[in-house]
């Protein structure tokens, strides 16, 4: 399975058009970004970028792969967010209505009977 971080790096590199710009944006070293792209290219056995000293551009297969990677990462991000939507802490005021006997005997004494 492809490393999700490598896919994110690939997407950002394509968006920014530069390995060093991607490295700055993700707060990584250029070597880490370059290694991630090379690793991804080796895994899928396809060249994703045409590299020159001044430019970095996607190959036609790179453009095709980028569309699928964006979709896949978005689906995974949504799945992760969906799992943690219900983890939020409840906040606010709780109002209780109880008889005066219950209030005196249980609530004021700190629920010691329960």
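Please treat every number below as a calculation from the coordinates, not as lab data. In this text the structure is predicted, and so the values were computed from the model without any measurement. So basically every Cβ, Gly included, is an ideal-geometry build from the backbone, and we count neighbours across all protein chains shown.
Taking Rh as the Kirkwood radius computed over C-alpha pairs, what is the Stokes-Einstein D of segment 1-56 at 4 °C in a medium of viscosity 1.567 mPa s, expressed in µm² per second? Stokes-Einstein gives a translational diffusion coefficient of 117 µm²/s. The fewest-to-most ranking of 25, 84 by surrounding Cβ atoms within 10 Å reads 84, 25. Residue ranges 55-61, 11-17, 65-71 sort as 11-17, 65-71, 55-61 when ordered by packing (mean number of other C-beta atoms within 10 Å per residue, highest first). Computed extension length for residue 16-residue 29: 3.1 nm, one decimal, from 0.36 nm per residue of separation with the Cα-Cα distance subtracted. By other beta-carbon atoms within 10 Å, ranking 97, 34, 29 with the fewest at the front produces 97, 29, 34. Calculate log10 I(q)/I(0) of segment 41-94 for q = 0.13, 0.19, 0.28, 0.30 Å⁻¹, where I(q) comes from the Debye formula with a single equal point scatterer on each Cα and nothing for solvent. Values, matching the q order: -0.54, -0.78, -1.05, -1.10. As a rough footprinting exposure proxy, the listed residues 94, 9 were ranked by other beta carbons within 10 Å of their own, and the order from fewest upward is 94, 9.
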